[in-house]
There are 2 protein chains.
Amino acid sequence: MDRYLVISADCHAGPPAELYRDHLDERFRDEFDRHQRSLVELRQAQRVARDNEEFRKGWEAETGGDGGLTAAYDSDVRNGVLDQEGVAAEVLFPDADVLGTGRIAASPFGSGLGGGAGHAPEKALAGAQAHNRWLADFVAQSSERRIGIALVPILHDIDAAVEEIHAAHEMGLGGIMIPTRWFDAPAYHDLRYEPVWQACEELGMPIHTHSGAGPADYGDGPGVMAIYTTEAYWWAARPLWVLLWSGVFERHPGLKYVCAENGAWWAPDILHKSDEKWTGGHNTAKFGNLFREHLKMKPSDYFHRNCYLAASTPGVEDIARRYDVGIGNLLWGNDLPHPEGTFPHTRKWIRERFHDVPVDETRRILGENAADLYRLDRDALTPIADRIGPTVEEVHGAGVGG
Amino acid sequence: MDRYLVISADCHAGPPAELYRDHLDERFRDEFDRHQRSLVELRQAQRVARDNEEFRKGWEAETGGDGGLTAAYDSDVRNGVLDQEGVAAEVLFPDADVLGTGRIAASPFGSGLGGGAGHAPEKALAGAQAHNRWLADFVAQSSERRIGIALVPILHDIDAAVEEIHAAHEMGLGGIMIPTRWFDAPAYHDLRYEPVWQACEELGMPIHTHSGAGPADYGDGPGVMAIYTTEAYWWAARPLWVLLWSGVFERHPGLKYVCAENGAWWAPDILHKSDEKWTGGHNTAKFGNLFREHLKMKPSDYFHRNCYLAASTPGVEDIARRYDVGIGNLLWGNDLPHPEGTFPHTRKWIRERFHDVPVDETRRILGENAADLYRLDRDALTPIADRIGPTVEEVHGAGVGG
């Protein structure tokens, strides 16, 4: 039976608050307790938490009781879910709980998906280190199926960031996540970040940004959440062209960058427009050589060599535009255990999205691209995929839809 | 002979610095002189100005000597250029000189395309008023062919802004431009701006944003100009969905919003994604009713009723996606006298972009949409179009390309 190797390039893991506490440096624990209490209060006060009680109950019923939250930190439960979903391995980002239930802690001191704003640098680093230590333990319990993404706050102390990248690599983590937004720090084209890109290239640690950090300029007017969700893809995608145009991939040809949980539909237009600027034409003539001075190749060439879009729970457009994105640059994911992910219906979602996609392309997008990117152990993964992966017949066969 | 009524929905006009000075309140003139000197120094120091001397010479030769800059403030020269280009009427934004030659002043105290940053509120208002007074005079010299867009700084004193909107309307100006970015002020979904939307709806003054204001977070790293030009469309488009989601067009069904010089290629995806959120589905289930609470119709319905994209010098994609944008929502422009515009080859550009577009659609996009939006005097315009407009044969006929 021919089965797919499925790797989810966007999943989340994190322990309840008390476990994070144990992984935190002792001097930050009182502060952590205070911050944790305020976080619980904030979450309870949040509009989404107040309004979605009905949704949460439905979600818990649908997922068999806990919305997948135990799988966020219990290794055996996690692998049971993965087997059920047909997923052989997964890439682990922080902040498994976005429901506002207060049951699971966010990565301490805002070092997770919203990283970069609102906390003193040394606290952000301590919070990231606590998560990284916990994550390394979690990965070690099933290292063949888990690619842990270390949190690395790079906005302040570059030396400390580089040190943490090395520590993460030694702990067996497979990549780093940097703050998606730079807030008041210099943007990522600034040369101050060179040591970070250098370290990641040397160690083979792909750099990730993940959607989540909203802009600082939202107020209290109507429609804020709708405005934010409309813009979210762009805030998360911004580092892509900032790194690209500033020549980071020219200076670091081996560096890999992944934009996670952010779709792929937006990329072809941006790449095409960027290539137009680089190639030169009427609209950009007045800028002279400005678009070529840091790039020997056209922008899409760097994208196809160095960049990946981990388009978890891809939409119809993400798949339809796969040739323009690049078959080798598109990763699939199920966003477990976030409720906007496909758990507990991942097999069905894979059928619906990929039933009319050629098998070799499905293979690349569902797992092979990620296996190559993260240099995974095929000997360890193949038996797992052979046991639980969706079959080719199951995905593309007639009469198996619905 | 059947000719098109062509209206450019994105043009620029502004006088040399000394004329602006005359239109400025006396108490701001010393300050203006100081600011003007620093502006000239800044422009001379700018990279683009230093590097594009060769481009500028070529541009001046191509346009017959001055790059269209005299047309920026001389009424007769302006109309001569319009006749030559086949343009019957035009919408006038500020800041005609973007070349950095220092010969023409930008709208005083940064009240023009980059409005909203860096100047004290009362200076921004004084600068805007100086431009508005000059513009009203310029419009009056050929009012049938000119729609003047008043500059209205709305980020600080709302009462003063509303007063200026009324003053602009009384002076014969046809719309207002607000700062494209709100910088440190509340975003445009904030209810504090309601009196502005209310006044514009009452007076039939369309609200405009125009690309130009860059983000505040660029530093000095490599690739800044490439990064900015890649992002420019988005900074200019952002007010669209901020106004839309916050229910501004629900509360003000007669209000019109125009996003100028910003293409149209990006709009279909954004509208489709927004409609998806409003309609509801898996990805947004956890947000409950948040996407519907301020909108009775789906986002694209408001867009098609209230919004316009003045996609000057449209690209192939802008025209190809016209059905998704809406034939009635797309305006053409030639960006005169900016060098990225189509002057002095507008007739050729119109042929190239519209030769295979049906005549009735070409009519709407090239001029009829703008004539309706700005409620122009058809009796005055028709004789002009009959005299100088491109013929249907010229645009669509065989063998007239190139």
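Read-outs: derived from the displayed coordinates by stated rules, not from any lab. Please read all numbers here as calculations on a predicted model, not as lab measurements. Using ideal geometry, Cβ is built from the backbone for each residue, glycine included, and neighbour counts are taken over all protein chains shown.
In order along segment B:4-12, phi translates into HN-Hα couplings of 7, 7, 10, 10, 7, 8, 8, 10, 9 Hz, rounded to whole numbers, per the Karplus curve 6.51 cos²θ - 1.76 cosθ + 1.60 with θ = phi - 60° and x for Gly and Pro.
Once you compute Rg and the Kirkwood Rh from C-alpha atoms, what is the Rg to Rh ratio for chain A? Rounded to two decimals, Rg over Rh is 0.95. Simple rule: put +1 on each Lys or Arg Cβ and -1 on each Asp or Glu Cβ in the protein assembly as shown, find the dipole, and look at B:319, B:227, A:245; the Cα lying farthest toward the positive end is B:319. Among A:171, B:205, B:225, B:177, a tally of other beta-carbon atoms within 10 Å of each Cβ gives an order, fewest to most, of A:171, B:225, B:205, B:177. The rotation axis bringing chain B onto chain A passes closest to the chain B residue reported with its distance as B:234, 3, by C-beta distance in whole Å. Ranked by how many other Cβ atoms sit within 10 Å of their own Cβ, fewest first, the residues A:395, A:316, A:162 fall in the order A:316, A:162, A:395. Report, for residue A:120, each distance to the same residue's label point in the other copies, shortest first and in nm; define the point 7 Å along Cα→Cβ. Result, one decimal in nm: 3.7.
Near residue B:148, the amide H atoms lying under 5 Å from its own belong to B:92, B:174; only residues 5 or more places off or on other chains count, and H is placed 1.01 Å from N. Counting only whole DSSP H helices of chain B, the ones at least 27 Å long by C-alpha along their axis and with mean Kyte-Doolittle hydropathy no lower than 0.5 are B:224-245. Rounded to the nearest 500, the helix-only mean residue ellipticity at 222 nm of chain B stands at -13500 deg cm²/dmol, with each DSSP H run of n ≥ 4 adding -39,500 (n - 2.57).
For residue B:83, inter-copy separations between label points set 7 Å beyond Cα along the Cβ vector come to 8.6 nm, shortest first. Legend: Rg and Dmax of the protein assembly as shown, from Cα coordinates, 27.9, 86 Å.
Given the protein assembly as shown, what percent of its DSSP beta bridges are antiparallel, to the nearest 5? That works out to approximately 5 percent antiparallel. Taking all Cα-Cα distances within segment B:312-401, those exceeding 21 Å account for 31%.
Each residue in B:202, A:164 was given a count of other beta-carbon atoms within 10 angstrom of its own, and listing them fewest first yields B:202, A:164.
Each 5 Å bin, from zero up to the one with the longest distance, holds this percent of the alpha carbon pairs of segment B:194-270: 3, 14, 22, 19, 17, 12, 7, 4, 2, 0.
Between identical copies, the spacing of residue B:58 label points, each set 7 Å from Cα toward the C-beta atom, reads 6.0 nm from nearest to farthest. Note on segment B:224-360: Lys pairs 8 or more places apart or on different chains, Cα atoms under 27 Å apart, count 12. Seen through its C-alpha gyration tensor, with square-root eigenvalues sorted a ≥ b ≥ c, segment B:71-222 comes out oblate because a/c lies at 1.5 or above while a/b is not bigger than b/c. Here the mean projected area of the convex hull built on the C-alpha positions of segment A:253-402 is 10.9 nm².
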